[in-house]
Amino acid sequence: MRQETISSDITVVGGGLAGVCAAIAAARLGRTVALVNNRPVLGGNSSSEVRVWVCGATGHGKNHHAREGGIMGELFLENQYRNPHGNPYFWDTTVLDFVRAEPNISLFLNTDVRTVSASPDGISSVTGWMMGSERLIGFESPIFLDCTGDGLVGHLAGASYRIGREGRDEYGEPWAPAEPDDITLGSTLLFYTKDAGEPVRYIPPSFAKDITRTSIPERRIIKAGDNGCAYWWIEFGGELDTVHDNDRIRDELWSVIYGIWDHIKNSGRFDADTMTLEWVGALPGKREYRRFLGDYVLTQHDVLGQTPFEDRVAFGGWSIDLHPPQGMYATEAGARQRYADGVYHIPYRSLYSVNVPNLLMAGRNISASHVAFGSTRVMATCATIGQAAGTAAALSVSSGLPPRHLPVGELQRTLLRQDASIVGLALDDPVDLAGAATATASSTLTRLVVDAAADTWPLEADAGIVLPADPALSGVRLLVDAAEDTSLTVELHDPVLGQNYVPRELVTTRVIALPAGEKQWIDLGVDWRPDTPRNAFLVVKADPLVSLHLADQPTPGVLCLTRVPLRPQDESPQPLREWSDAGLLRRTFCLETGRTQAFAPGKALDGYQRPYAGPHLWVSGAVPASLDLRWPEPVTIGRVEVIADDDVNEDLINLHHHRTPFEVIPTLVRDYRVEALVGQAWRPVAEVRANRRRRNIHPLAAPVTTDGLRIVVESTNGAPSAHLVAIRAYAPEE
């Protein structure tokens, strides 16, 4: 056995997506990081050991323009390219490659942290045992991050925490129980099946449960061909201690999985003769245990009310998703869900311990009530929290300030510089030379015209259309069919909050006489000029006599939706209906609008890095195209950053949730050049071919002094126009 000590700037314990993103964020800011994980692979519940989908703010399409950015966004895009079939082992390697690409990270797998040395001044070290290598390793650093999920490091350090549900009176949460208790969400095991191509018999093990003696067949959906997270409801342990009773919970979950497979194979109710089990999980995926207390506890009110925290550093958008304590044996629905009107903010004050001064936390153990945790617990949200906490840790080390005393503005600015997403906050970067430039372009999209009709959409339910009003929305026309003379009712709504894509405040209603006929362009009579640019939400009311024409193409700045009935357990803030893009993803109703400035060249310099009250990007009229920056006086540039459009409306979820028809997001620019104006000639200073990434950093081979810079887009990955979110330029580093 060997004993050793590792000294780093930061120690991150826990290698799930929160810990991975925390470690990468800190390492990219120049800090040395020890990333310690007690499993042989990274990724936590998303890894090949557990195989849970990486869910997040898109809410499976319920929150639009909401996919995570930053490091989690990079992982999504890379997995989309490398792993379009959702192979869990390829996902493991993608996450591992991201960590190994950072020279400042020292990775310790199979290392279980069991002891913590701490005092009132904070944690001084943690010690872990590396299984299989007989190494007892002490990790020393000035800052520690507990990304373990279960919160063992913070617990051993004496950090204040909660387990279970708060009573309703504590935070006034309607969804909290009347009295506090120790109930948590349960744990889950998943399984995969395959078709062997020949008959396969199944002899169940002795411990397989006869599920016909339970409520499962009547209350849960069982299908022979389902895999993985289709069986998310195989959950148990909510009334037990999900840590100390982990083995008991695992055994119960195993008994049900093998019992379900016995039911599928041997009950005679399923077409499963050639089906067999391919994989059964052995490591329960935990949902909930300790939740640390920070200076702020996020609550149900903050999630559903979308509290605009001044110290916001991350966002979520998954529903408040709470499960019955009995899990798979419950007679009620397996989940109770409620969505906010859009994504919500997560404050920095929920990411550091209230009483351990050098402890940050990220993942499902942040400072949140049980009800709010029902949303923040999903992994893509945990990952964005991880990037925020890792960034804070790096700034704490470099400044010598404890996490509580970090200047929040500098933390937010650093996150935005690193292309993390803070909703509704623009990057105000005094060292970005592009902020003093004026932007022009070779061409710009100034009107929305979608006229390549490919199909019709019967108006059996209300249709929704999100359009930018910048500075106004006028001249809107739709291509429609009418079986008989009728009247079409159209409502224009203000979504109010920039991150929302729901009709919140009615502005005006128009009733248009519509004669019988096909392919009629009708003017909706809309002319809205809001005080500031924002999105408009048009509701075209249902009419069984009317069909809208539909084009098989997405359109910048436009979302097309339809109203669908709510499931009883959803209890949405909109009491009767919810909006969905089902059947409309990557499609647009045929429409035309008047002139818009929503895609003007200056949008690439406005500091916004994702849609917020508008698309916030430059879109060209055609390709090739160029975006030009000019300065009133020459500047010296040492580095250029290009932020492309990765279409955050596209729901990218790994591990067999769904597959998109492309491996690279079409709106990403593919081939482009960066050119500087030297004298009277444009000189190439950087060039990219076959790009598939959102953010590209171009350190120039030699600094260039110029009063002009341009990005020449030669081709995209499929979009008919060039899309650029931001251009940044920085002086040479000293």
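The values are calculated or read from the model by the stated rules, or taken from the named source; none is laboratory data. Please read all numbers here as calculations on a predicted model, not as lab measurements. Glycine also receives a Cβ, built like all others from the backbone with ideal geometry; neighbour counts cover every protein chain displayed. What goes into the accessible areas is simple: the full protein's heavy atoms, side chains included, and nothing from ligands, DNA or RNA. Shrake-Rupley method; radii C 1.70, N 1.55, O 1.52, S 1.80 Å.
Considering only alpha-carbon pairs that sit under 8 angstrom and 6 or more positions apart, the relative contact order computed for the chain is 15 percent. Annotation: extensible slack from Ala461 through Glu218 equals 84.4 nm (criterion: 0.36 nm per residue apart, minus Cα-Cα distance). What is the sum of charges, Lys and Arg at +1 and Asp and Glu at -1, for the other residues whose Cβ falls under 9 Å from the Cβ of Tyr161? Charge balance in the 9 Å sphere: +3. Scanning residues 5 or more positions from Ala542 or on other chains, those with amide H under 5 Å from its amide H are Asp462, Ala463, with H placed 1.01 Å from N in the peptide plane. Gain on full extension, evaluated as 0.36 nm per residue between Asp485 and Tyr89 minus their Cα-Cα distance, stands at 136.8 nm.
Relative contact order of region 1-85, taken over Cα pairs closer than 8 Å and 6 or more residues apart, is 23 percent. Computed from backbone phi, the HN-Hα couplings of region 9-16 come to 5, 9, 10, 10, 9, x, x, x Hz, rounded to whole numbers (Karplus: 6.51 cos²θ - 1.76 cosθ + 1.60, θ = phi - 60°; Gly and Pro given as x). Applying 1/(1 + (r/R0)^6) with R0 = 60 Å to the Cβ-Cβ distance of Leu506 and Arg689 gives a FRET efficiency near 0.75. Partners of Lys223 within straight-line reach, counting lysines whose Cα lies under 21 Å from its Cα and excluding those fewer than 8 residues away in the same chain: Lys194, Lys209, Lys265. Using a probe of 1.4 angstrom, how much of the accessible area of the chain is carbon and sulfur, in percent? Roughly 48 percent of what the probe reaches on the chain is carbon or sulfur.
Packing, taken as the mean count of other beta carbons within 10 Å per residue, orders the peptides 116-122, 224-230, 471-477 from highest to lowest as 471-477, 224-230, 116-122. Take 143-151, 602-610 and order them by the average number of nearby Cβ atoms within 10 Å per residue, most first; the result is 143-151, 602-610. Annotation: amide H of Leu298 within the under-5 Å range of Ala368, Ser369, sequence separation 5 or more or interchain, hydrogens built in the peptide plane. Per residue, the accessible area of the chain comes to 38 Å² when a 1.4 Å probe rolls over the protein heavy atoms. Would you please classify the overall shape of region 330-478 from the alpha carbon gyration tensor, given that a ≥ b ≥ c denote the square roots of the eigenvalues, rounded means a/c under 1.5, and beyond that prolate means a/b larger than b/c while oblate covers the rest? Here region 330-478 falls in the oblate category. Between Thr705 and Glu170, what FRET efficiency comes out of the Förster formula 1/(1 + (r/R0)^6) with R0 = 35 Å and r the beta carbon distance, rounded to 0.05? Approximately 0.05, to the nearest 0.05.
Taking the Cα centre of the chain as origin, work out the dipole magnitude from +1 charges on Lys and Arg Cβ and -1 charges on Asp and Glu Cβ, in debye rounded to 20.
Using Cβ point charges on Lys, Arg, Asp and Glu, the chain gives about 800 debye.
Going through (1) 51; (2) 34; (3) 41, the figure that equals percent of Cα pairs over 38 Å apart as computed for the structure here is (3).
Between Ala469 and Arg534, Asn535, Ala536, the built amide H atoms are under 5 Å apart, and every one of these is 5 or more places off in sequence or on another chain. Computed on region 199-315, with alpha-carbon pairs under 8 angstrom and 6+ residues apart, the relative contact order is 36 percent.
Computed from backbone phi with θ = phi - 60° and the Karplus coefficients 6.51, -1.76 and 1.60, the 3J(HN,Hα) list for region 530-547 is x, 4, 10, x, 6, 7, 10, 10, 8, 10, 9, 5, 4, 7, x, 8, 10, 10 Hz; x is used for glycine and proline. Taken along the Cα-to-beta-carbon direction at a fixed 7 Å, the label points for Arg2 and Ala513 span 8.8 nm.
In this rough spin-label picture, where each label sits 7 Å from Cα along the Cβ direction, the Ala436-Trp521 distance is 4.7 nm.
3J(HN,Hα) couplings calculated from phi for region 257-265 with the Karplus curve 6.51 cos²θ - 1.76 cosθ + 1.60 (θ = phi - 60°) are, in sequence order, 4, 5, x, 4, 5, 4, 5, 5, 7 Hz; Gly and Pro show x.
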